[in-house]
Amino acid sequence: QVQLVESGGGLVQAGGSLRLSCAASGRTFSSYTMGWFRQAPGKEREFVATITSSGGITYYAASVKGRFTISRDNAKNTVYLQMNSLKPEDTAVYYCAARRNYIVTTGAFNYDYWGQGTQVTVSS
């Protein structure tokens, strides 16, 4: 069992930056593939980024590639999402998720554990 707690959300102007953190409980964090997803009001939850257990492979949604960076610190049981050049369309609740399987995937249904989410609002 893994518990995930996101933090770092807030209100930022377009063009600004935020860094989200996701702290995980448990001693097996380093074995999990981690992902970030987001959900805007009235929309489906969508994939943002994922990172393998070692951090060696990352993958991004086309809409955030080049602006967002996912990383992890296994010693701190934490995964990060650095968000730069934010746009109003990035406004959403951002969720951290953990997957037991090592295979990278963008499907939300493939993730086993979820955090409660953190709100990111980008004003124009």
Local charge sum around Y94 (other residues, Cβ-Cβ under 15 Å, Lys/Arg +1, Asp/Glu -1)? +1
Under a 1.4 angstrom probe, counting protein chains only, how are T78, T121 ranked by accessible area, largest first? T121, T78
The answer for F68, listing residues at least 5 apart or on another chain whose modeled amide H is closer than 5 Å to its amide H, is N84
Using only protein heavy atoms and a 1.4 Å probe, report how much of W114 is accessible, in Å² to the nearest 10. 80
Name the residues of the range 29-46 whose amide N is less than 14 Å from a point 7 angstrom out from the Cα of Y102 along the C-beta direction? 30-34
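Taking DSSP loops as anything outside H, G, I, E and B, show the longest stretch in the chain free of trypsin sites (Lys or Arg not before Pro) there with at most 13 other beta carbons within 10 Å.
On the way: sites that count: R27, K43, K76.
The longest such stretch corresponds to 77-124.
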Once the Cα atoms of the chain are picked out, what are the Rg and Dmax in Å? 13.3, 41
Write down the accessible area per residue of the range 29-124 in Å², having rolled a 1.4 Å probe over the full set of protein chains. 48
Whole-percent carbon and sulfur contribution to the accessible surface of the chain (1.4 Å, no ligands, DNA or RNA) stands at 48
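The values are calculated or read from the model by the stated rules, or taken from the named source; none is laboratory data. What you see is a predicted model, and the numbers here were worked out from it, not measured in a lab. We place every Cβ from the backbone using ideal geometry, glycine too, and count neighbours over all the protein chains shown. In case anyone asks, the SASA skips ligands and DNA or RNA and just uses the protein heavy atoms, side chains included. Shrake-Rupley method; radii C 1.70, N 1.55, O 1.52, S 1.80 Å.
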